[in-house]
1. Which one of B:GLN103, B:GLN133 is more than 14 Å from chain A (Cβ to nearest Cβ), within 23 Å of B:GLU180 (Cβ to Cβ), among the polar types (S, T, N, Q) and not in a strand (DSSP E or B)?
2. When only residues in the range B:51-60 that are free of Cβ contacts under 8 Å to residues at least 40 places away in the same chain and surrounded by fewer than 21 Cβ atoms within 10 Å (Cβ to Cβ) count, which is farthest from the chain's Cα centre (by Cα)?
3. Restricted to the range B:85-94, and to residues that are more than 7 Å from every other protein chain (Cβ to nearest Cβ) and assigned to a helix (DSSP H, G or I), which residue is surrounded by the fewest Cβ atoms within 10 Å (Cβ to Cβ)?
4. Can you find a residue in the range A:4-16 that is at pLDDT below 95, among the acidic types (Asp, Glu), farther than 30 Å from A:THR372 by Cβ and in contact with a Pro (Cβ under 8 Å, 6 or more places away or on another chain)?
5. Please specify each residue of the range A:209-239 satisfying the condition of being loosely packed, with under 13 Cβ neighbours inside 10 Å and at pLDDT 95 or above.
6. Residues of the range A:169-189 being of a type outside the set (Ser, Thr, Tyr) and surrounded by fewer than 17 Cβ atoms within 10 Å (Cβ to Cβ), which ones?
7. Might you check whether a residue that is farther than 17 Å from A:LEU140 by Cβ, surrounded by 15 or more Cβ atoms within 10 Å (Cβ to Cβ), touching a helix residue (DSSP H, G or I) at 6+ places or on another chain (Cβ under 8 Å) and of a type in the set (A, V, I, L, M, F, W, C) occurs anywhere in the range A:35-52?
8. Considering A:VAL177, A:VAL162, which residue is in a strand (DSSP E or B) and under 17 Å from A:ARG317 (Cα atoms)?
Amino acid sequence: MDPTIDIAIEHTHVRFADGLTLECGTHLPSLTLAYRTYGRLNEARSNAILVCHALTGDQYVAERHPLTGKPGWWELVVGPGRPIDTERFFVICSNVLGGCMGSTGPRSVRDDAAGDGSALWGIDFPPITIGDMVRAQKKLVDYLGIRRLFAVVGGSMGGMQVLQWAASYPDAVFAAVPIAAAAHHSAQNIAFHEVGRQAIFADPDWQGGRYWQSGRVPARGLAVARMAAHITYLSEKALTRKFGRRQRPGEAAAGSGFPFFGDIFEVESYLRHQGSTFVKRFDANSYLTITRAMDYFDLAADYNGDLAAAFRHSQTRFCLVSFSSDWLFPTAESRAIAQALNRAGANVSFVEIKTDKGHDAFLLDEPDFHRTLAGFLAGCREHAGLL
Amino acid sequence: MSTVRQREAIRYVAKNMRVDLRLIAEMIAPGSRVLDIGCGDGTLISYLFHTKGCDARGIEIDMAEVTRAIAHGLPVMHGDADVDLAYYPDGAFDYVVLSRTLQAVGRPREVLRQMLRIGARAVISFPNFGHWQVRWQLLAHGKMPLTAIWDRPWYETPNIHPCTIRDFFELCETDGYIVEQWLAADETGRRAPWRRSRWLANIFGQQGLFLLRSA
């Protein structure tokens with residue numbers, strides 16, 4: 001396991017020298033957002049789609065990842081001839097504020113009064129919110145000269161950002177597609193995040209969050225966090241279908257180091273692999289920061305507990321998609337959003353896609369989902385006069 | 001080119017649209033806000049948008065139909081007439097449409113009340129259980145009738161609240177709804193010539209179609 005993250009990679013980015021004042025009151029002296037774009041912005045600047053990534057995603061939506069060498073995380077959805085057709089749309093995706101793929105976050109050099117010009121923010125990075133992430137993205141969209149986004153699309157935490165976009169900047173969002181999302185993070189989801197965070201804290205290599213000083217990163221803790229989280233992204237049925245109770249003879253010693261444990265189950269081997277590959281591309285403090293931002297998310301709370309008030313008079317066209325076997329962001333959460341949108345009189349489409357793939361379904365090959373997304377965007381093009 | 005495609009789409013819709021949907025569309029003013037409950041694949045809302053410039057939306061309980069509708073670019077949400085109408089604000093629509101669905105909902109009277117709360121007008125079509133074939137089959141055979149419209153045996157029909165045209169008039173009176181228009185039609189959509197007589201319409205009309213507003 002080589003857990004060092006290559007920070008030498010240069011990501012396409014923009015730096016805003018005026019920084020960003022966060023919801024917590026802290027002012028970040030400067031703000032850097034790393035981003036990627038695909039397709040061409042038309043002359044009227046009316047064909048831009050902002051894609052918001054999930055907790056551990058990044059800006060490399062539809063191209064080989066410079067660090068892992070793997071295909072983009074949403075190549076099934078974004079690309080030429082795909083539901084988000086890059087021959088038609090100009091697609092933008094930025095690494096979220098707090099992330100570790102080039103945007104300002106715990107792994108950036110601390111540049112406030114307490115910084116010495118070389119030390120990193122680490123655990124001193126101020127707490128951020130989904131609202132802060134979205135205000136940072138708005139700066140990027142303004143910088144690109146786009147007054148109104150044709151659509152904002154995202155799954156999971158990306159869907160939270162979509163909802164926040166629609167609430168904060170209704171005139172800048174023609175269509176909104178929150179996928180497998182919720183208007184607040186549930187107690188169960190906060191609980192799972194807490195398990196992950198405690199695993200990181202318990203790793204002696206975490207060193208109170210100042211692990212960059214020793215060069216040893218809390219790889220074991222972060223891997224356990226990822227393993228626990230990964231289970232919540234799948235479903236019991238999908239795990240049974242993929243692994244069942246199958247075992248891999250001969251791998252036990254290498255895996256656990258305890259011969260009396262016997263052969264390793266395939267599902268264990270899979271999770272260990274997920275954990276060990278994750279730590280090569282993700283920063284533990286970023287994981288802590290972003291999971292906390294998700295936990296804080298409660299859109300209705302900003303509107304006296306009335307979610308409908310967040311969308312009052314909205315002209316945005318919404319399309320909510322949930323997946324039948326998703327127990328992390330279950331259909332009931334999307335339905336509650338749809339009902340709030342109805343109360344607000346907004347234009348809303350809502351469908352639950354039948355699948356056994358759990359929360360991760362939004363990243364996978366789901367033809368019904370892809371048809372739905374493509375059709376919704378086509379309908380919106382007609383209404384926007386974008387033909 | 002887009003207008004050509006649009007025109008083709010309209011022709012396609014018009015040719016394939018159920019006749020009661022065409023009759024419903026005739027009752028709806030251009031440019032109005034419409035909610036179609038039980039919209040299926042969205043044929044009516046597509047027609048109303050393309051030919052009448054309506055802001056038409058739909059609710060459908062069958063998830064496969066919802067997927068098909070959204071994939072065709074139509075604003076349709078999965079929902080249940082018995083549950084989800086409560087979430088719309090008063091007067092959100094000019095027309096709320098319920099075609100061939102009233103007999104299948106759990107609480108038809110409440111659904112009607114909700115329709116006229118969230119919409120200025122309600123358009124309702126339903127298969128007429130008073131049609132002579134239905135009456136004859138029950139009388140002659142003593143068995144639950146099976147006709148072109150009532151085509152499922154009693155143990156698996158979703159139609160748990162069948163009513164006749166006269167029954168419907170009676171409910172409108174009891175609940176104080178004003179019948180602005182009504183007609184009876186046969187299955188092929190020819191308007192029945194008995195529209196002046198409720199009694200004849202109730203015998204010869206295969207489906208009833210009503211335009212209501214609150215008193």
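The values are calculated or read from the model by the stated rules, or taken from the named source; none is laboratory data. Everything numeric in this text was worked out from a predicted model, so none of it was measured. Please note: Cβ atoms are built from the backbone with ideal geometry, for glycine as well, and neighbour counts cover all protein chains shown.
1. The unique qualifying residue is B:GLN103.
2. Initial filter on the range B:51-60 (free of Cβ contacts under 8 Å to residues at least 40 places away in the same chain): B:52-60.
Those still in the list that are surrounded by fewer than 21 Cβ atoms within 10 Å (Cβ to Cβ) too: B:52-53, B:55.
Working: B:LYS52: 18, B:GLY53: 20, B:ASP55: 18 Å.
Of everything passing the filter in the range B:51-60, B:GLY53 is farthest from the chain's Cα centre (by Cα).
3. If we take residues in the range B:85-94 being more than 7 Å from every other protein chain (Cβ to nearest Cβ) and assigned to a helix (DSSP H, G or I), then B:ALA86 is surrounded by the fewest Cβ atoms within 10 Å (Cβ to Cβ).
4. no
5. Once the filter is applied, which keeps residues that are loosely packed, with under 13 Cβ neighbours inside 10 Å and at pLDDT 95 or above, the range A:209-239 yields only A:GLU236.
6. Residues satisfying the conditions are A:ASP171, A:ALA187, A:GLN188.
7. Scanning the range A:35-52 turns up no residue that is farther than 17 Å from A:LEU140 by Cβ, surrounded by 15 or more Cβ atoms within 10 Å (Cβ to Cβ), touching a helix residue (DSSP H, G or I) at 6+ places or on another chain (Cβ under 8 Å) and of a type in the set (A, V, I, L, M, F, W, C).
8. A:VAL177
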